[in-house]
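Below is one structure, written out as structure tokens; comments come after it.
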Amino acid sequence: QAEERQFACDRCPARFARKRDRDRHERSVHTGQTPYHCLGCGEGFVRSDARGRHWKADPSCHSKHLSSETSGGPGGPSAASPASE
């Protein structure tokens, strides 16, 4: 039995079983926010998994991100991405 989709998007007909899924949908589809950043190249992503795919496609960029994060470079540790989506 499918979960009831009680969380409706305010901007389109989409409905979700979990609030966090609705919130992620609204952020990625409707707001244009990019809270997940690569410190290696500066590119922003709407979802952490998209940033992960970016790093997988360009491992050197991921290495630069990690170096920048641990050295306190641009964005440093204080620019950590949100813990959850």
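Among rounded, prolate and oblate, which fits region 36-75 when a ≥ b ≥ c are the square roots of the eigenvalues of its C-alpha gyration tensor, a/c under 1.5 means rounded, and a/b larger than b/c means prolate?
oblate
Got a sec to turn the phi values of region 40-55 into Karplus ³J(HN,Hα) couplings, 6.51 cos²θ - 1.76 cosθ + 1.60 with θ = phi - 60°, whole Hz, x for Gly and Pro?
Here the 3J(HN,Hα) series is x, 10, x, 5, x, 9, 7, 9, 5, 5, 5, 5, x, 5, 4, 5 Hz.
Using θ = phi - 60° and the Karplus curve 6.51 cos²θ - 1.76 cosθ + 1.60, what whole-Hz ³J(HN,Hα) does each residue of region 18-32 get, with Gly and Pro shown as x?
10, 4, 4, 5, 5, 4, 5, 4, 4, 5, 7, 9, 10, 9, x
Under 5 Å between amide hydrogens, which residues at least 5 positions from GLY40 or on another chain qualify, with H placed 1.01 Å from N in the peptide plane?
Hits under the 5 Å cutoff: HIS65.
Pop a pseudo-label 7 angstrom from the Cα along the beta-carbon direction at both SER71 and GLN33 and give the gap in nm to one decimal.
Computed distance between label sites SER71 and GLN33 equals 3.1 nm.
Which value, in debye to the nearest 20, describes the size of the charge dipole of region 1-77 about its Cα centre when Lys and Arg Cβ atoms bear +1, Asp and Glu Cβ atoms bear -1, and nothing else is charged?
The dipole of region 1-77 has a size of about 160 debye.
Normalised by the residues of region 36-75, what does the relative contact order come to in percent, with Cα pairs under 8 Å and at least six apart?
Working: 39 pairs, mean separation 17.1, N = 40.
Here the relative contact order equals 43 percent.
All of the numbers you see were taken from the coordinates with simple rules; none came from a lab. Computed from a predicted model, the values in this text were never measured in an experiment. Glycine gets a Cβ as well: all are built from the backbone with ideal geometry, and neighbour counts include every protein chain shown.
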